[in-house]
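The values are calculated or read from the model by the stated rules, or taken from the named source; none is laboratory data. Being a predicted model, the structure only gives us computed values, none of them experimental. In this analysis, Cβ positions are derived from the backbone assuming ideal geometry, glycine residues included, and neighbour counts consider all displayed protein chains.
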Amino acid sequence: MFDNASILVTGGTGSFGNAFVPMTLAKYNPKKIIVTSRDEMKQWEMAKRFQGESRLRFFIGDVRDRDRLYRAFDGVDFVVHAAATKIVPLGDALLEPTTNAELGNWQGSIDPTA
């Protein structure tokens, strides 16, 4: 499924991305995996762990920024949407703000793919 594909992982420096990226690189042969996130430090740390991996690219951006998403989605075959704008355990206590933030997050991610 992911062989020779371009894959974009939103929120790719989070816990899901840190599991998905090495598994996908090992199990499949993607053309490239683009890791997007807002956190430059986490991208730098992840890039150090995968130093020399030519199939991995990093892209600073926020899923709520539609223009950045248009740039990130260019030439991408699959999008794995793992970005979150709230800390999950806090979301239990703040259900309404978390839900509203995540709905906006999803809307911004879906719109450019239309």
Can you pull out the residues in segment 44-85 that are under 13 Å from the mean Cα position of the chain (by Cα), among the charged types (D, E, K, R) and modelled with pLDDT of 90 or more?
Arg57
Every residue in segment 1-31 that is surrounded by fewer than 18 Cβ atoms within 10 Å (Cβ to Cβ), over 13 Å from the mean Cα position of the chain (by Cα) and not acidic (Asp, Glu), please.
Met1, Phe2, Asn4, Ala5, Pro22, Met23, Leu25, Ala26, Lys27, Tyr28, Asn29, Lys31
Could you list, in sequence order, the residues of segment 32-65 that are crowded, with 21+ Cβ neighbours inside 10 Å and among the polar types (S, T, N, Q)?
Thr36, Ser37
Of the criteria (1) at pLDDT below 95; (2) within 16 Å of Val79 (Cβ to Cβ); (3) within 10 Å of the chain's Cα centre (by Cα), which one Arg38 fails
(2)
Within segment 22-36, residues among the aliphatic types (A, V, I, L, M) and farther than 22 Å from Arg64 by Cα come out as Met23, Leu25, Ala26
What number of residues within segment 46-64 are free of Cβ contacts under 8 Å to residues at least 12 places away in the same chain and not basic (Lys, Arg)?
4
